[in-house]
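Visitor: Got a structure for you, questions after.
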Ligand code: ADP
């Protein structure tokens, strides 16, 4: 039995309706996984495939999509099932027909993100670990956001960077920042439900213009961490931020914290890809230390 037949049989069982798709349509990978569309001419499914050892990553993604869906704030693909055989693992998702954003789509996306952030937890973290890109992302619950950020975000990526051979100046700056960054978090954030990896490649618009977010790295944290990431690679449409502020205005001091929160992603990029991300991270840390004075 081919992997596609196994997946089709699983879909048939789960939906209670036999599913006999035509040959899989290869969609070219995202950043991490390869993807195919399975269709029998009537029903379509989007399937992400990776090595069997990545099953856990797909289970965390499924749980993250379920968590986002429960908030009923913004559309996410319905997560149908995770499966694996000896060689491969997969995540079966509702296949979204993506189109173009309509005139009000970006504003609607901003408002919907603010609504998502209104869903809160009593502490920071999540009930399970997940991944950010291909990197592990620990989510152990913490009562203090500062302690969560120190241990599970900044500290974790800095340790990983040391392990990957990025030592010297980067680690000196990192050590200084780790002991002093708490003065930058001079607001009292709620533990908001976050997408966790909200760059432009992880948001799209359905054919009716409805915003859809996908490929999350969910946890409960300062909502500014999600917004910061939207700005890391050039930023979203201005209407998106206007919509967000209509839903939930930003606290003073966001512009400085944005750099702190994006440092996590830049360090993650350093750990994943190396290259110029080291110099970028050092520059961000210098700017943050200058803010602390
Ligand atoms: P990866 O985990 O490999 O980074 P993504 O989840 O980002 O993969 O998906 C890669 C691309 O596939 C996205 O940019 C999007 O265009 C498309 N895509 C993702 N999820 C769906 C879906 N449920 N339905 C249709 N297309 C999707």
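The values are calculated or read from the model by the stated rules, or taken from the named source; none is laboratory data. As the structure is a computational prediction, the values presented were derived from the model and not from experiment. Note that we place each Cβ from the backbone using ideal geometry, even for glycine, and neighbour counts take in every protein chain shown.
Visitor: Looking at the stretch 55-78, is at least one residue within 16 Å of the chain's Cα centre (by Cα), in a strand (DSSP E or B) and modelled with pLDDT of 95 or more?
Guide: Looking for residues that are within 16 Å of the chain's Cα centre (by Cα), in a strand (DSSP E or B) and modelled with pLDDT of 95 or more, one finds at least one in the stretch 55-78, hence yes.
Visitor: I would also like to ask the following. Restricted to the stretch 1-20, and to residues that are closer than 12 Å to residue 90 by Cα and modelled with pLDDT under 95, which residue is surrounded by the fewest Cβ atoms within 10 Å (Cβ to Cβ)?
Guide: 4
Visitor: For the stretch 79-103, what are the residues that are under 18 Å from residue 203 (Cα atoms) and part of a loop (DSSP other than H, G, I, E, B)?
Guide: 95, 96, 97, 99, 100, 101, 102, 103
Visitor: For the stretch 128-135, state whether one or more residues are part of a loop (DSSP other than H, G, I, E, B) and over 18 Å from the mean Cα position of the chain (by Cα).
Guide: Scanning the stretch 128-135 turns up no residue that is part of a loop (DSSP other than H, G, I, E, B) and over 18 Å from the mean Cα position of the chain (by Cα).
Visitor: Do any strands (runs of 3 or more DSSP E) entirely within the stretch 146-219 hold 3 or more residues that are at pLDDT 95 or above and more than 16 Å from the ligand (Cβ to nearest atom), and if so, which?
Guide: 191-194
Visitor: Looking only at the stretch 33-43, how many residues end up being out of contact with any strand residue (DSSP E or B) (no Cβ under 6 Å at 6 or more places or on another chain) and surrounded by 15 or more Cβ atoms within 10 Å (Cβ to Cβ)?
Guide: The total comes to 2.
Visitor: OK, next. So for the stretch 21-29 (the condition being assigned to a helix (DSSP H, G or I), at pLDDT 95 or above and crowded, with 20+ Cβ neighbours inside 10 Å), does at least one residue qualify?
Guide: no
Visitor: Here's something else I'd like to know. Quick one: would you say residue 159 is surrounded by fewer than 20 Cβ atoms within 10 Å (Cβ to Cβ) and closer than 24 Å to residue 271 by Cβ?
Guide: Here the answer is yes, as residue 159 does meet what is asked.
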